[in-house]
Structures are given as C-alpha cells and as structure tokens.
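Visitor: Handing you a structure now.
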Amino acid sequence: MRCVRPSSNHIFFFLLCFLPASLQSDLQRPAAMSWERKDVKIFGTDELAEGLAKHTAALSHKFAHHRRAFTVVLSGGYLIEKLRKLVEPPYVHEIDWSKWHIFWVDERVVKKTDPDSNYKLALDGFLSLVPIPANQIYSINDEVDAKHAAEDYEAKLKELVAHGVVEISPETNFPRFDLMLLGMGPDGHLASLFPHHPLLHERKKWVTFLENSPKPPPVRITFTFPVIDASAYIFMVVAGSGEVDAVAEAIEGNASGDDMLPVQRVRLENGEFTWFLDTLAASKLRSF
C-alpha cells in the first residue's frame, strides 16, 4: 500500500504573505475539497478490504473510547463487499459493535426487501453478520413517498442530535457524523448528488429527495452537501476500472464551477477525507 499527501505550493504561499489579510483568506479557501485534509491510499486489489477494515476499526476504537456512540454512514454499491474483512477475525471480535449507529447517505425509495434497496444490500452483506443493536440501524420509512421519507429521516436525525447520539457542527449546525464510508460513480457522483443537478446547491436541508435521478431507480432521498461537509472522516472507496477516469479527474483535475465533479465539491469543515483506491482505480493517476 502506498500513502501519499500532495505537497504544498511553496511559491504560492511565499507570495501570499505579501497580500492583505482579506485577500489571503479568500485565496486560501479551496476551490474543491481541502488538499490539506485529503490523503490517497492505494492498495493491491486483494489488500483494499483489509486496509479499509484496519482503518475503520481504528476509528471505531477511537470514538467508542471517547463517547458512547460511533456514528457511521454507508452508501450502496460495491462498498458493502469491500467491508467484508470487518466481519472476519480479528476485527469482528475487537470492535465494540454496541456503540455503532448506522445511517445511509442516500437511499432508493423502494421497499426494504427490494433488490435496489441500499438497506437490503447492507443488511445481507454486512449488518446481519455483526451484532449492532437493531434499534441503532436507521433505515428510511419505506411506507411513504420520497418527500415524506426525506422529511422523516431528517426529523429522525434531529431527534438523535437532541439525544446526543449524533453530534452537531458548531460551525454550521449541521449533523456531524464520525465516519462516512462512501463510493463514487463513473460520473463523479456521491450519495445521490449528480453532475449539474439542482440538488448540488441545496444548503438548508439535511436530507432531501429527487424523482429524476439519472441513474435508476429515479426516486431517492439523499444527504445534502452541508451534512457531508460536516463529517469528521470520509473514506471514499473506489475499486476496479469503472471509475478510473473520474478518480483521475477528481484527484488531479483542475475543473472549477459547474464543471467540477460532485465529489470535487466536498469541502470538509474540520475533517479528514481519504481515498481508498485499488491499483486499477488509481491506474490513470500521474502523480502517484
């Protein structure tokens, strides 16, 4: 495994010193995700699941030791398969699963038994294999439409904030989850936040919905960027060749404005963003 942190542009910071303080703060604000908080970890294909389990278990121990809950947000797709080492020794026995609280960064508005359900995917491949208390697994209400499912999920989050299970960001008053385990699509989308979609600009709601997803099924609910940005840790897991171009653009591209991939729009307030890539996903990176 190789772990790389991009180096600073020393000339830029030298010149920055001679600018007025007001201009310095504007120029230091990142155009995309904060480079200072982003790591890239590249693993062999068979090593990725082990590396992800090791780092996830370490965070679980850290948060379980310091507070009564470890709040974990999942996405769908092949991420769940990449969590397979967590259900095996030594991790399955070392982790205090009683502290885990599970959420979803997005969900398809279908029944929980539907093959398209992110809840069903996680239940079958991960949650049913570890002793997380059932009342600490927060799935969406699958008995209502998308609008009401989003409102219900946001209300549930606010209740958990009020009870001290989920922390709140002191900077923005959005919920601050301990760890988001996320994947990315070939178009650079994360959660159900797709390129050029109006929801990229939603800044007030915690959870919202869409009925025109470019990726089926079309009806979904999703966390918004302010919630994602408030995270303490994000592990972005990408494997195989399907997202190789998006990985290269997201990490080494210089797009701005509307041309940025959704994943490039992540701006962590006070957290750490780490790419977990296998060698295929990283194969078009020039700097690693």
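Visitor: How high is the relative contact order of the chain, in percent, with contacts defined as C-alpha pairs under 8 Å that are six or more residues apart? Kindly include the intermediate steps, with their values, before the conclusion.
Guide: Values: 517 pairs, mean separation 64.6, N = 288.
In percent, rounded to a whole number, it is 22.
Visitor: Another question, then. Just order 42-48, 66-72, 274-280, 89-95 by mean Cβ neighbour count inside 10 Å, highest at the front, would you? Please list the in-between numbers first.
Guide: Values: 42-48: 15.9, 66-72: 18.1, 274-280: 21.3, 89-95: 13.3.
The packing order, highest mean first, is 274-280, 66-72, 42-48, 89-95.
Visitor: Quick check: residue separation of ASN254 and ILE168 times 0.36 nm, minus the Cα distance between them. What number comes out in nm? Intermediate results must be reported in sequence, preceding the final value.
Guide: On the way: separation 86, 0.36 × 86 = 30.96 nm, distance 3.20 nm.
Once the chain is fully extended between ASN254 and ILE168, it gains 27.8 nm.
Visitor: Taking a point 7 angstrom from the Cα of VAL87 along the C-beta vector, which residues in the range 118-155 have backbone N less than 18 Å away?
Guide: 118-139
Visitor: Could you check how much of the accessible area of the range 120-245 is carbon and sulfur, as a whole percent, using a 1.4 Å probe?
Guide: On the way: 2830 of 5150 Å².
The value for the range 120-245 is 55 percent carbon and sulfur by accessible area.
Visitor: Suppose the Debye formula is applied to equal point scatterers at every Cα of the range 50-100; what is log10 I(q)/I(0) at q = 0.28, 0.29 Å⁻¹?
Guide: Here log10 of I(q) over I(0) equals -1.17, -1.22.
Visitor: Looking at the chain, what % of its DSSP beta bridges pair antiparallel, to the nearest 5? Please report the intermediate quantities before stating the final value.
Guide: Working: 13 of 38 bridges.
DSSP beta bridges in the chain are roughly 35 percent antiparallel.
Visitor: I've got another one for you. Can you list the HN-Hα couplings for the range 202-208, worked out from phi with the Karplus curve (6.51, -1.76, 1.60; θ = phi - 60°), rounded to whole Hz and with x for Gly and Pro?
Guide: So the J values, rounded to whole Hz, are 6, 10, 10, 6, 7, 10, 9.
Visitor: What nm value, rounded to one decimal, do you get for the distance between ASP39 and SER98 when each label is placed 7 Å out toward the C-beta?
Guide: Computed distance between label sites ASP39 and SER98 equals 3.0 nm.
Visitor: Starting from the exponent 0.38 and prefactor 2.2 Å, build the expected Rg for the range 59-136 from its residue count and divide its actual Cα Rg by it. Show your work: numbers first, answer last.
Guide: On the way: Rg = 12.7 Å, N = 78, 2.2 N^0.38 = 11.5 Å.
It is 1.10.
Visitor: Under unit Cβ charges (Lys, Arg +1; Asp, Glu -1), what dipole magnitude, rounded to 20 debye, does the range 68-176 have relative to its Cα centre? Could the numbers behind the result be given before it?
Guide: Working: 13 positive and 18 negative charges, 55 e Å.
Dipole of the range 68-176, to the nearest 20 debye: 260 debye.
Visitor: List the equivalent ellipsoid semi-axes of the range 202-288 in whole Å, largest first, each obtained as the square root of 5λ for an eigenvalue λ of the Cα gyration tensor.
Guide: Taking √(5λ) for each eigenvalue gives 24, 17, 13 Å, largest first.
Visitor: Return the distance in nm (one decimal) between the two label points of a simple spin-label model at ASP152 and HIS65, each offset 7 Å from Cα along Cα→Cβ.
Guide: Each label point is offset 7 Å from its Cα along the Cβ direction, giving 3.9 nm.
Visitor: Considering only protein heavy atoms, what is the solvent-accessible area of HIS196 at a probe of 1.4 Å, reported in Å² to the nearest 10?
Guide: Ignoring ligands and nucleic acids, HIS196 comes out at about 140 Å².
Visitor: Whole number in Å², please: accessible area per residue of the chain, 1.4 Å probe, ligands, DNA and RNA not counted. Before the final figure, lay out the partial values.
Guide: On the way: 13440 Å² over 288 residues.
Computed with neighbouring chains in place, this is 47 Å² per residue.
Visitor: Here is a further query. What FRET efficiency comes out for LYS54 versus ASP245 if R0 is 30 angstrom and r is the Cβ-Cβ distance? Round to the nearest 0.05. Intermediate values should be presented prior to the final figure.
Guide: Numbers: r = 28 Å, r/R0 = 0.94.
Once rounded, the FRET efficiency stands at 0.60.
Visitor: What full-extension length gain, to one decimal in nm, is calculated for GLU211 and LYS111 as 0.36 nm per residue of separation minus the Cα-Cα distance?
Guide: Extra length from GLU211 to LYS111 when fully extended: 34.4 nm.
Visitor: Can I ask one more? Convex hull over the Cα atoms of the range 151-195, averaged projected area in nm²?
Guide: On the way: hull surface 17.0 nm².
The directionally averaged projection comes out at 4.3 nm².
The values are calculated or read from the model by the stated rules, or taken from the named source; none is laboratory data. Here the structure is a predicted model, which is why all the values come from computation and not from measurement. FYI the Cβ positions are ideal-geometry reconstructions off the backbone, even for glycines, and counts take in every protein chain you see. Note: areas computed on protein heavy atoms with side chains; ligands, DNA, RNA excluded. Shrake-Rupley method; radii C 1.70, N 1.55, O 1.52, S 1.80 Å.
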